[in-house]
Amino acid sequence: MNNFISPIAIHPGESLLDVLESVGMQQTELSNRIGLHKKTINEIIKGKKPISPNTALKLSIVFGTSEKFWNTLQKNYDETAARLELEKELEKGKEIVPKYTVYPQLVKFKLVEKATTTRSKAENILQYFSVASFEALSKVYQIENIAFRQTNKKEVSKENLKAWLRFGEIEAAKIETKDFSLERLKYSLPKIRKLNLLEPKEYSSKLVNILAECGIALVFLPYFKNTFVNGATRWINANKVTIMVTPKHKMEDILWFTLFHEIGHVIKHSKKENYISFWDTNNLNDNYRAKEKEADKFASEMIIPQSQWNKFLKNGLFTYSEIRRFANEAKVKPGIVAGRLSKETGNWSKYSKLRNRVDVAIS
């Protein structure tokens, strides 16, 4: 079997030129015989235009060759040129692939195949994102409008963040939703809030079902290293939106806050924009940070209204028993109260025993 792989793409125009020279025919004469403009013949010979099936048929008549001969030359050229273009693209992976430090996690979740070479990893990454080039990847996942900041002395990995967003897309595609309805979403908010009193395994499926009825695909995603992300809202089209949730340190109170935060984006902000919620928003650009604050306010008000929270703060008794009493009154889990109290006082360790961890892969 011939396994030869050509290192260069030879355009069929070169063979046409060889045939013309062998029979002593000028391009002008061929133009007259074949019925194509001389400029077209010249562009084929220079490799600027392909030999179409129609042209191949005419050449076979003029030169007494088979039509298949010319079509095969063109087919081989196209396939070789495409392969070489891909190789050129994969060569860029030498600089880009190492930035995807999340690759082992992608393998773990069976999102890409295990690979040992940079070239193979580059090809797997392009397939994972369903794009033909790294340039296309950047265009599809435009996150440069966010002013990324240092978090815990580490930079946000844009590559890992894009991989996380893609994971959300893949999972969201598995969820059938009705057309988006803002009215239905607003109507469902009290029902959604009540679910916080249930156990994660119970409320996760209920949340997915309720939001699917509103046109929202809710997906719970594992944390991808160096993304420092809690959640995201991405509009797939005017009738479907994806909400992705990855609560910091798998804390249940942050899960619920993030969920309502993202719902806040859906209700309050444009369908033309996508939103990503990070652990820290101090260094985001002003416009983006303003919308994050609006979504934060919406989430806080939905979970525990500010007027009710103020009364709790005024009381000044933040014992475990008082937190549980207030949580019962507010109809939320004590861990949610403890989480909000921890954030506002900055004392995360004091109330840690009341806060619950949750496996984010609960969907």
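Structure summary
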item	result
Whichever residue in the range 234-246 is out of contact with any Lys or Arg (no Cβ under 9 Å at 6 or more places or on another chain) and buried (at least 23 other Cβ atoms within 10 Å of the Cβ) and, among such residues, is nearest to residue 189 (Cα to Cα)	245
Residue that is surrounded by 15 or more Cβ atoms within 10 Å (Cβ to Cβ), at negative phi and under 21 Å from the mean Cα position of the chain (by Cα), where the choices are 278, 298, 312	278
Given (1) within 30 Å of residue 53 (Cβ to Cβ); (2) modelled with pLDDT of 85 or more; (3) surrounded by fewer than 15 Cβ atoms within 10 Å (Cβ to Cβ), index of the condition residue 82 fails	(2)
Qualifying residue in the range 270-291 (condition: modelled with pLDDT of 90 or more and either basic (Lys, Arg) or assigned to a helix (DSSP H, G or I) (or both))	no
Filter result (closer than 20 Å to residue 81 by Cβ and aliphatic (A, V, I, L, M)) within the range 15-71	16, 17, 44, 45, 51, 56
Residue list for the range 254-292, filter: closer than 24 Å to residue 334 by Cα, of a type outside the set (A, V, I, L, M, F, W, C) and either outside the structural domain of residue 240 (by TED's automatic domain parsing) or out of contact with any Ser or Thr (no Cβ under 8 Å at 6 or more places or on another chain) (or both)	264
Evaluation of residue 204 against (1) surrounded by fewer than 16 Cβ atoms within 10 Å (Cβ to Cβ); (2) under 30 Å from residue 326 (Cβ atoms) (one fails), failing number	(1)
Those helices (runs of 4 or more DSSP H) lying entirely in the range 1-62 with at least 1 residues of a type in the set (Lys, Arg)	27-34, 38-45
Where residue 185 falls short, out of the listed (1) surrounded by fewer than 20 Cβ atoms within 10 Å (Cβ to Cβ); (2) touching a helix residue (DSSP H, G or I) at 6+ places or on another chain (Cβ under 9 Å); (3) not in a strand (DSSP E or B)	(1)
Complete set of residues in the range 322-354 that are modelled with pLDDT of 95 or more and assigned to a loop (DSSP other than H, G, I, E, B)	331, 332, 333
Only one of 297, 311 that is more than 26 Å from residue 242 (Cβ to Cβ) and part of a helix (DSSP H, G or I)	311
Matching residues, the range 248-271, being of a type in the set (Asp, Glu) and under 22 Å from the mean Cα position of the chain (by Cα)	262
Matching residues, the range 224-253, being part of a helix (DSSP H, G or I) and modelled with pLDDT under 95	248, 249, 250
Residue within the range 215-223 that is crowded, with 16+ Cβ neighbours inside 10 Å, in contact (Cβ under 8 Å) with a residue 40 or more places away in the chain, in the same structural domain as residue 288 (by TED's automatic domain parsing) and outside any strand (DSSP E or B) present	yes
The range 125-140, residues that are in a helix (DSSP H, G or I) and not aliphatic (A, V, I, L, M)	127, 128, 129, 134, 135, 138, 139
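Let's see how each residue does on (1) in contact with a Ser or Thr (Cβ under 7 Å, 6 or more places away or on another chain); (2) hydrophobic (A, V, I, L, M, F, W, C); (3) part of a helix (DSSP H, G or I):
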{"site": "70", "(1), (2), (3)": "yes, yes, yes"}
{"site": "79", "(1), (2), (3)": "no, no, yes"}
{"site": "87", "(1), (2), (3)": "no, no, yes"}
{"site": "106", "(1), (2), (3)": "no, yes, yes"}
{"site": "113", "(1), (2), (3)": "no, no, no"}
{"site": "116", "(1), (2), (3)": "no, no, no"}
{"site": "123", "(1), (2), (3)": "no, no, yes"}
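The values are calculated or read from the model by the stated rules, or taken from the named source; none is laboratory data. Since the structure is predicted, the reported quantities are computational estimates derived from the model, not experimental observations. Every residue, glycine among them, receives a Cβ derived from its backbone with ideal geometry; neighbour counts consider all protein chains shown.
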